[in-house]
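K.L.:
Take a look at this one; I'll ask things after.
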Amino acid sequence: MKLLIWGAGAIGGTIGAHLARAGHDVTFVDLVQEHVSAINTAGLRIEGPLAQFTSRVRAFTPGGLSGQFERVVLAVKAQDTEAATRALAPHLSPDGCVVSAQNGLNELVIKSIVGDARTVGCFVNFGADYLEPGVIQYAGRGAVVLGEIDGRVTSRVGELHRAFLDFDDRAVVTTNIWGYLWGKLAYVAQLFATALTNDSIADALADPGYRDVYVEIAREVMRVAKARRITPEGFNGFDPSAFAPDADRAVAERSLDEMVAFNRKSAKTHSGIWRDLAVRHRRTEADAQLGPIVALGSEVGVATPLVSRLIELVHDLEDQRREQSHATLDVLKAALPS
């Protein structure tokens, strides 16, 4: 398959390098000139416990790309989705599609620009990090799911699925991609909460002193999903039914235990959110990923006070008004409903 990967970072770089190694015709686009130059000079190197190899592929900055592509995998940060989709649109063939390999509800943005018929949903939960120009760490396997946004099973999704199997042989096709995306939203909200501290994902989720926070923040997201008639899907230990408003607490505890076990198997100990704050010192995806939960909840009359407070605290960290610490997580805990 011929693919354009727009965004050669952790997600896009990992997928694209594996597909190129398997013989697919892969072209990368990335905004970072040093990364593009490194890929063109020495290839894109994958490191980590699961695989170590280098794929020789072509890479461009957006201004240097020419031609059109039928299959474009979009793998940029959620806040960059609109700009990236507008930039790639001239390179998308009339009968082509954009596959959103991102976190969040970015398909809503993509389809508003290129149309529903040219938008394909994708859910990923594997662990990866951008280490340096030309080098990506693939740290741990996780769910990989493809699906049409209207729930149909089409030939193009089948074709994409066959290609993605060359990256992960457990990749699947779903008729409920929105369910996976909303399930990931709840998990991502939990990850944002863990990133208020310097604890690893597993250590944070295992801490009994803060499990009320992780349970309630997922419940807020699940309440919005239910009000919007979404049926969330589970993955890698995350059980959406465990965080339903009326779910037994023991079931939620069991799901958190399973998420702890899943994350302890990954060489990626901390989330990309934590890395943005602690290592790369840049803005996170809080507004683009968590903001829609608040907005879509408001539309259906579902309050999301904990998610809203979490967004505020993440901005405090971004602007260096607070430090990543248990003290900051305690501020979020204080916002729990009594």
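K.L.:
PRE reach from Ser93 (point 7 Å along Cα→Cβ): which of segment 2-35 fall under 13 Å by backbone N?
P.N.:
Correct set: 2-4.
K.L.:
Same structure, new question: Gap in Å between the Cα centre of segment 103-141 and the Cα centre of segment 23-37?
P.N.:
15 Å
K.L.:
Okay, moving on. Work out, step by step, the length gained on full extension between Val172 and Val331: first 0.36 nm times the residue separation, then minus their alpha carbon distance; give nm to one decimal. Don't skip to the answer; put the middle values down first.
P.N.:
Working: separation 159, 0.36 × 159 = 57.24 nm, distance 3.95 nm.
Contour length minus Cα-Cα distance gives 53.3 nm.
K.L.:
Tell me the Kirkwood hydrodynamic radius of segment 15-94 in angstroms, computed as one over the mean inverse distance between distinct C-alpha pairs. Please report the intermediate quantities before stating the final value.
P.N.:
Details: mean 1/r = 0.0737 Å⁻¹.
Taking the inverse mean of 1/r over all distinct Cα pairs, segment 15-94 comes out at 13.6 Å.
K.L.:
Here's another thing I want to ask about it. First select every other residue whose beta carbon is under 14 angstrom from the beta carbon of Arg58; then total the charges, Lys and Arg +1, Asp and Glu -1.
P.N.:
On the way: positive: Lys2, Arg56; negative: Asp25, Asp30.
Around Arg58, the surrounding residues sum to 0.
K.L.:
Could you work out the pair-distance distribution P(r) of segment 88-132 from its alpha-carbon pairs, with 5 angstrom bin width and percents rounded to whole numbers?
P.N.:
In whole percents, the pair-distance histogram is 5, 21, 27, 19, 13, 11, 4, 1.
K.L.:
Please report, for the Cα atoms of segment 132-278, the Rg to one decimal and the Dmax as a whole number; what are they, in angstrom?
P.N.:
Expressed in Å, the Cα Rg and Dmax of segment 132-278 come to 16.3, 49.
K.L.:
Using helices alone, what [θ] at 222 nm do you get for the chain, with -39,500 (n - 2.57) per DSSP H run of 4 or more residues, divided over all residues and rounded to the nearest 500?
P.N.:
On the way: 13 runs with 145 residues, N = 338.
Value at 222 nm, helices only: -13000 deg cm²/dmol.
K.L.:
If a/c stays under 1.5 just call it rounded; otherwise compare a/b with b/c (prolate if a/b is bigger, oblate if not). Do that for segment 260-338, with a ≥ b ≥ c from the square roots of the Cα gyration tensor eigenvalues.
P.N.:
Prolate, since a/c reaches 1.5 and a/b exceeds b/c.
K.L.:
Using a probe radius of 1.4 Å on heavy atoms only, what accessible surface per residue do you get for segment 46-101? Whole Å² is fine.
P.N.:
Values: 2460 Å² over 56 residues.
For segment 46-101, the per-residue accessible area is 44 Å².
K.L.:
How much net charge surrounds Glu132 when only the other residues with a Cβ under 15 Å from the Cβ of Glu132 are counted, with Lys and Arg +1 and Asp and Glu -1? Mind showing how you got there, number by number?
P.N.:
Details: positive: Arg45, Arg275, Arg280; negative: Asp30, Glu34, Glu47, Asp129.
Overall, the nearby charge balance is -1.
K.L.:
Here's a follow-up. State log₁₀ I(q)/I(0) for segment 195-277 at q = 0.17, 0.18, 0.22, 0.23 Å⁻¹ as given by the Debye formula over alpha-carbon point scatterers of equal weight, solvent excluded.
P.N.:
-0.71, -0.79, -1.09, -1.16
K.L.:
How much length would be gained if the chain were fully extended between Arg152 and Gln320, taking 0.36 nm per residue of separation minus their Cα-Cα distance, in nm to one decimal? Could the numbers behind the result be given before it?
P.N.:
Numbers: separation 168, 0.36 × 168 = 60.48 nm, distance 4.58 nm.
Going from the current span to full extension adds 55.9 nm.
K.L.:
Pairs Lys77/Lys268; Lys77/Lys184; Lys77/Lys265: which exceed 22 Å Cα-Cα? Each step should come with its number before you reach the end.
P.N.:
On the way: Lys77/Lys268 18 Å; Lys77/Lys184 15 Å; Lys77/Lys265 25 Å.
Going by Cα-Cα distance, Lys77/Lys265 fall outside the 22 Å limit.
K.L.:
Work out, step by step, the length gained on full extension between Ala278 and Arg249: first 0.36 nm times the residue separation, then minus their alpha carbon distance; give nm to one decimal.
P.N.:
Values: separation 29, 0.36 × 29 = 10.44 nm, distance 3.23 nm.
Difference between extended and current length: 7.2 nm.
K.L.:
Could you identify which residue out of Gln52, Gln190, Gln137 has the top mean-square fluctuation in a GNM of the chain using Cα springs shorter than 10 Å?
P.N.:
Gln52
K.L.:
In the chain, what percent of the accessible surface is made up of carbon and sulfur (1.4 Å probe, ligands and nucleic acids excluded)?
P.N.:
Numbers: 6460 of 13470 Å².
Accessible surface attributable to carbon and sulfur in the chain totals 48 percent.
K.L.:
Now for a different question. Find, among the trypsin sites (Lys or Arg not before Pro) in segment 151-228, those assigned to loop by DSSP (not H, G, I, E, B) with at most 12 other beta-carbon atoms within 10 angstrom.
P.N.:
On the way: sites: Arg152, Arg156, Arg162, Arg170, Lys184, Arg211, Arg219, Arg223, Lys226, Arg228; in loops: Arg152, Arg170, Arg228.
Hits after loop and neighbour filter: Arg152, Arg170.
K.L.:
What is the local net charge at Val26, summed over the other residues whose Cβ is closer than 12 Å to its Cβ (Lys, Arg +1; Asp, Glu -1)? Before the final figure, lay out each step's value.
P.N.:
Numbers: positive: Lys2, Arg21, Arg56, Arg58, Arg71; negative: Asp25, Asp166.
Neighbour charge sum, excluding Val26 itself: +3.
K.L.:
To the nearest 0.05, what FRET efficiency results for Ala267 and Ala83 with a Förster distance of 25 Å applied to their C-beta separation? Before the final figure, lay out each step's value.
P.N.:
On the way: r = 32 Å, r/R0 = 1.27.
Efficiency, from the Cβ-Cβ distance: 0.20.
K.L.:
Take the chain, compute every pairwise Cα distance, and split them into 10 Å bins from 0; I just need the percent in each bin.
P.N.:
Final binned percentages: 6, 27, 36, 24, 8, 0.
The values are calculated or read from the model by the stated rules, or taken from the named source; none is laboratory data. Note that this is a predicted model, so its numbers are computed, not measured. Cβ sites come from the backbone with ideal geometry, for glycine too, and all protein chains shown count toward neighbours. Side chains are part of the model used for accessible areas, which takes the heavy atoms of the whole protein and leaves out ligands, DNA and RNA. Shrake-Rupley method; radii C 1.70, N 1.55, O 1.52, S 1.80 Å.
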